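The values are calculated or read from the model by the stated rules, or taken from the named source; none is laboratory data. Treat the numbers as computed from the prediction; the structure is a model and nothing was measured. As a convention, Cβ positions derive from the backbone with ideal geometry for all residues, glycine included, and neighbour counts pool all protein chains shown. Note: areas computed on protein heavy atoms with side chains; ligands, DNA, RNA excluded. Shrake-Rupley method; radii C 1.70, N 1.55, O 1.52, S 1.80 Å.
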Amino acid sequence: MEEELTLGVGSRVQHAHYGPGVVVAVKYAQYRVTFMDHGIKMIDKTDPLFEVLVAENTTPEVETASEVETSLLKILRLWGGITEVVPLGDRWKGGNLILQPGDPSLKAKELPIDTFFHKIVMLRDRLRVLEQNINSHKILTDEEKVNLQQYITRIYGSLTTFNVLFRDKEHWFTGEKSGND
C-alpha cells in the first residue's frame, strides 16, 4: 500500500464553496488555505468539497514552520493578487455597471458590479504594496521617496469617486486633504 502524501505549502486547490486557493500551512488533519475571495480558512483534509489542482512540495510529514507560512503569505500578497476581503456596499450587491456609448448605434457594455468592485480593491491593494516598496527601498533617497509618495497620494485622490462602492468607510481611498492638485 502506497503511503498517502500530504500536500505542501504552495499547492493550488479548489473548494466548492470558497473557490480557488493556495495552501499556506499544513496541520495534522487540516490545511490552512488562502482563498481569493474568502480569505484564510481551515479545511479538513478529507473535505469532499476540496479538490487539488496542483500539488506542490508533497511530503509524508506535516510541516508547521510558522516562518515558512509568514514568508509564503507575504509572497502571495505581493505576487498572487490575493486581497483582503472588502465588503461591497449592500445597495450594489447583485447590480450591474452599464457603460453606455455616446453613439446610439453602438451597444452598451454591461459588467457585474461585484467584478468591477473586485478590480478596484485589487488596484487599491497593489497601490499599497507599491507604497510599501517605495518606503522600504534601500537605494532611493528620502526626497525621492517623498516625491514618489506624492504621486501615489494623488492617485488615491483620483480614485475617491469609487468610495461609494465600499460598505465601510475604513476601506475608502483618501488623497490629499488640501485643495491643491
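If you take the residues of segment 144-162 that are part of a helix (DSSP H, G or I) and under 23 Å from Thr115 (Cβ atoms), which of them is least open to solvent (accessible area, probe 1.4 Å)? Show your work before the answer.
Residues of segment 144-162 part of a helix (DSSP H, G or I): 144-158, 160-162.
Applying the additional criterion that residues be under 23 Å from Thr115 (Cβ atoms) yields 155-156, 158, 160-162.
Working: Ile155: 72, Tyr156: 25, Ser158: 87, Thr160: 56, Thr161: 102, Phe162: 57 Å².
Among them, the one singled out is Tyr156.
Restricting the first member to segment 7-18 and to residues that are touching a residue at least 24 places away in the same chain (Cβ under 8 Å), and the second to residues that are crowded, with 21+ Cβ neighbours inside 10 Å and of a type in the set (D, E, K, R), no beta-carbon pair is closer than 7 Å while six or more apart or on different chains. Going by what's in this entry, would Leu165 be described as surrounded by 12 or more Cβ atoms within 10 Å (Cβ to Cβ) and on the phi < 0 side of the Ramachandran plot? So Leu165 fits the description; yes. Cβ-Cβ distances below 9 Å connect the following pairs, each with a first residue in segment 30-43 that is touching a residue at least 24 places away in the same chain (Cβ under 8 Å) and among the aromatic types (Phe, Trp, Tyr), a second residue that is buried (at least 16 other Cβ atoms within 10 Å of the Cβ) and not in a strand (DSSP E or B), and a separation of six or more residues or different chains: Tyr31/Leu7; Tyr31/Ser11.
Within the option set Thr46, Thr34, being more than 24 Å from Lys119 (Cα to Cα) and either of a type outside the set (Phe, Trp, Tyr) or out of contact with any Gly (no Cβ under 7 Å at 6 or more places or on another chain) (or both) holds for one residue only, Thr46. Note on segment 24-46: residues that are open to solvent by 70 Å² or more (accessible area, probe 1.4 Å) and among the hydroxyl-bearing types (Ser, Thr, Tyr) amount to 2. Which one of Leu106, Leu127, Leu97 is surrounded by 14 or more Cβ atoms within 10 Å (Cβ to Cβ), of a type in the set (A, V, I, L, M) and not in a helix (DSSP H, G or I)? The conditions single out Leu97.
Condition check for Ile75 on (1) of a type outside the set (D, E, K, R); (2) at positive phi; (3) at pLDDT below 85: one failure, at (2). Asp90 is checked against (1) open to solvent by 80 Å² or more (accessible area, probe 1.4 Å); (2) modelled with pLDDT of 85 or more; (3) more than 17 Å from Phe166 (Cβ to Cβ) and fails just one. What number does that condition carry? Of the numbered conditions (1) open to solvent by 80 Å² or more (accessible area, probe 1.4 Å); (2) modelled with pLDDT of 85 or more; (3) more than 17 Å from Phe166 (Cβ to Cβ), the odd one out for Asp90 is (3).
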